[in-house]
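Novice: Here's a structure for you.
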């Protein structure tokens, strides 16, 4: 990847992270300037999609502190801290409903996307999840999947994927990396904001984000499989079956974690460039899937390093693109936007379709590689998802 292309990729990441509105896009700008979104009457609360697996879903939130590392963005803060939401197969629907995010987290996210005062923070924060806090883990051992969100995005934006995988029989850890989201609540009444957003500009700084997150994810694996805080959750995890997925720079972090930590057997990148050179190197033949928007991640797309990554993936691999998708189509946000009447008319793919595609392909990937269950959906076109194209780059 040339220096010019790496710089363009870095600029693209920051543009996606900092300028795309939260719940789909705001109404399109006219020639005279940007329009102000009109207020939306709310007659009911938001709800995330129902999980499709046979298990009830439990949720536990962990505050993890890596005492062997100093925070890279705010060294004066001391040790590196992470907030981790663990979704897991539960014995039944006991406990209390898990929250989507706090009101303060929702307010900061809305303000960052230009929707402060348009969408009530309590409406987003109060979105109905499908997990129960305090539910007892099922008495089995399950594969572990880690999730890393996009740059400036909180872990909550991947809640639907996490809860659906948990309902299918996975323990899923969604990670908030300190100072890398617009706002994440930490113990002690602290709200940590995106200091990294003010410091990251060059390709080298982007690479530092990816490498730092890889260290975060390996630490999370350590804590969940043998740390004291995990408690009964560690007994529900099969440490020989670990996978990882991420959105945007979280997808890059998935590949980097695999390269650095051979405990991770399989990975998924959701619409993220890799930001390391050589891209996707060092996976040692382990399976990897790239699932992204057709407009930006096709083989003939400019300013993406997926073609370079494809050459370095030497095991089972898939390159899938989704027609009509945009960057956030692989998260909760467009799904919630549709319920608020804030869908972007410039994005052909509905939030609901984006959710179904993400759910089915991510679950199929992990079912194949962590459970050994054949998945024809990964081998070619399927009628249920006509938007998905299996890319086969020339020369492969």
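The values are calculated or read from the model by the stated rules, or taken from the named source; none is laboratory data. Only a predicted model underlies this, so the values are computations on that prediction, with no experimental measurement involved. Counting neighbours? That spans all protein chains shown, and the Cβs are built from the backbone with ideal geometry, glycine included.
Novice: Which residue out of 26, 17, 10 is closer than 30 Å to residue 302 by Cβ, surrounded by 15 or more Cβ atoms within 10 Å (Cβ to Cβ) and either modelled with pLDDT of 95 or more or touching a strand residue (DSSP E or B) at 6+ places or on another chain (Cβ under 9 Å) (or both)?
Specialist: On the way: 26 fails: either modelled with pLDDT of 95 or more or touching a strand residue (DSSP E or B) at 6+ places or on another chain (Cβ under 9 Å) (or both); 10 fails: either modelled with pLDDT of 95 or more or touching a strand residue (DSSP E or B) at 6+ places or on another chain (Cβ under 9 Å) (or both).
After applying the criteria, what remains is 17.
Novice: Here's a follow-up. Kindly indicate whether any position in segment 246-254 is under 24 Å from residue 364 (Cα atoms), assigned to a strand (DSSP E or B), modelled with pLDDT of 95 or more and under 16 Å from the mean Cα position of the chain (by Cα).
Specialist: Here is the first cut: in segment 246-254, the ones under 24 Å from residue 364 (Cα atoms) are 246-254.
Filter once more, so that each one left must be assigned to a strand (DSSP E or B): 246-247.
Narrowing the set further to residues that are modelled with pLDDT of 95 or more leaves 246-247.
Narrowing the set further to residues that are under 16 Å from the mean Cα position of the chain (by Cα) leaves 246-247.
Looking for residues that are under 24 Å from residue 364 (Cα atoms), assigned to a strand (DSSP E or B), modelled with pLDDT of 95 or more and under 16 Å from the mean Cα position of the chain (by Cα), one finds at least one in segment 246-254, hence yes.
Novice: Follow-up question, since we're still on this one. Being at pLDDT 95 or above, over 30 Å from residue 263 (Cα atoms), within 20 Å of the chain's Cα centre (by Cα) and exposed (fewer than 15 other Cβ atoms within 10 Å of the Cβ), is that true of even one residue in segment 335-354?
Specialist: Yes - at least one qualifying residue is present in segment 335-354.
Here's the yes/no breakdown for (1) out of contact with any strand residue (DSSP E or B) (no Cβ under 6 Å at 6 or more places or on another chain); (2) crowded, with 20+ Cβ neighbours inside 10 Å; (3) over 29 Å from residue 277 (Cα atoms); (4) without any contact (Cβ under 8 Å) to a residue 60 or more places away in the chain:
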site	(1), (2), (3), (4)
173	no, yes, no, no
180	yes, yes, no, no
190	yes, no, yes, yes
193	yes, no, no, no
198	yes, no, no, yes
209	yes, yes, no, no
214	yes, yes, no, yes
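Novice: Give segment 221-235 a look and list any residue that's over 14 Å from residue 262 (Cα atoms) and part of a helix (DSSP H, G or I), or say none. Spell out the reasoning first.
Specialist: First pass over segment 221-235, keeping only residues over 14 Å from residue 262 (Cα atoms): 223-235.
Once the filter is applied, which keeps residues that are over 14 Å from residue 262 (Cα atoms) and part of a helix (DSSP H, G or I), segment 221-235 yields 223, 224, 225, 226, 232, 233, 234, 235.
Novice: Among the residues of segment 110-137, write down those that are touching a helix residue (DSSP H, G or I) at 6+ places or on another chain (Cβ under 7 Å), under 15 Å from residue 236 (Cβ atoms) and surrounded by fewer than 20 Cβ atoms within 10 Å (Cβ to Cβ).
Specialist: Of segment 110-137, the ones touching a helix residue (DSSP H, G or I) at 6+ places or on another chain (Cβ under 7 Å) are 110, 116, 119, 121-122, 124-125, 127, 129-131, 137.
If we keep only those that are under 15 Å from residue 236 (Cβ atoms) as well, we get 131, 137.
Across segment 110-137, there are no qualifying residues.
Novice: Ok, one more. Filter segment 216-232 for residues that are farther than 23 Å from residue 72 by Cα and touching a strand residue (DSSP E or B) at 6+ places or on another chain (Cβ under 6 Å); which is surrounded by the fewest Cβ atoms within 10 Å (Cβ to Cβ)?
Specialist: The selected residue is 232.
Novice: Any idea how many residues of segment 306-332 are part of a helix (DSSP H, G or I) and under 19 Å from residue 387 (Cα atoms)?
Specialist: The total comes to 4.
Novice: I would also like to ask the following. Would you confirm whether or not segment 272-287 contains a residue that is at pLDDT 95 or above, in contact with a strand residue (DSSP E or B) (Cβ under 7 Å, 6 or more places away or on another chain) and not in a loop (DSSP other than H, G, I, E, B)?
Specialist: For segment 272-287, residues at pLDDT 95 or above, in contact with a strand residue (DSSP E or B) (Cβ under 7 Å, 6 or more places away or on another chain) and not in a loop (DSSP other than H, G, I, E, B): absent.
Novice: Filter segment 177-191 down to the residues that are over 16 Å from residue 221 (Cβ atoms) and in a strand (DSSP E or B) and list them by number. Working first, answer last.
Specialist: Narrowing segment 177-191 to residues over 16 Å from residue 221 (Cβ atoms): 178-191.
Those that are over 16 Å from residue 221 (Cβ atoms) and in a strand (DSSP E or B): 181, 184, 185, 186, 190, 191.
Novice: Looking at segment 52-73 only, could you name the residues that are within 12 Å of residue 172 (Cα to Cα) and surrounded by fewer than 20 Cβ atoms within 10 Å (Cβ to Cβ)?
Specialist: Here is the first cut: in segment 52-73, the ones within 12 Å of residue 172 (Cα to Cα) are 57-61.
61 - this is the single residue of segment 52-73 that is within 12 Å of residue 172 (Cα to Cα) and surrounded by fewer than 20 Cβ atoms within 10 Å (Cβ to Cβ).
Novice: Listed residues 257, 323; which is modelled with pLDDT of 95 or more and under 17 Å from the mean Cα position of the chain (by Cα)?
Specialist: Working: 323 fails: under 17 Å from the mean Cα position of the chain (by Cα).
The match here is 257.
Novice: For residues that are in contact with a strand residue (DSSP E or B) (Cβ under 7 Å, 6 or more places away or on another chain) and buried (at least 23 other Cβ atoms within 10 Å of the Cβ), tally how many sit in segment 138-158.
Specialist: Within segment 138-158, residues that are in contact with a strand residue (DSSP E or B) (Cβ under 7 Å, 6 or more places away or on another chain) and buried (at least 23 other Cβ atoms within 10 Å of the Cβ) number 14.
Novice: From the list 323, 304, pick out the single residue that is touching a residue at least 24 places away in the same chain (Cβ under 8 Å), in contact with a helix residue (DSSP H, G or I) (Cβ under 8 Å, 6 or more places away or on another chain) and buried (at least 17 other Cβ atoms within 10 Å of the Cβ). Walk me through how you get there before you give the answer.
Specialist: Numbers: 323 fails: buried (at least 17 other Cβ atoms within 10 Å of the Cβ).
Exactly one residue qualifies, and that residue is 304.
Novice: Give the number of residues within segment 333-360 that are assigned to a helix (DSSP H, G or I) and out of contact with any helix residue (DSSP H, G or I) (no Cβ under 9 Å at 6 or more places or on another chain). Working first, answer last.
Specialist: Applying the first criterion (assigned to a helix (DSSP H, G or I)) to segment 333-360 yields 333-340, 351-360.
Pick out the ones that are also out of contact with any helix residue (DSSP H, G or I) (no Cβ under 9 Å at 6 or more places or on another chain) and you get 356.
Of the residues in that region, 1 qualify.
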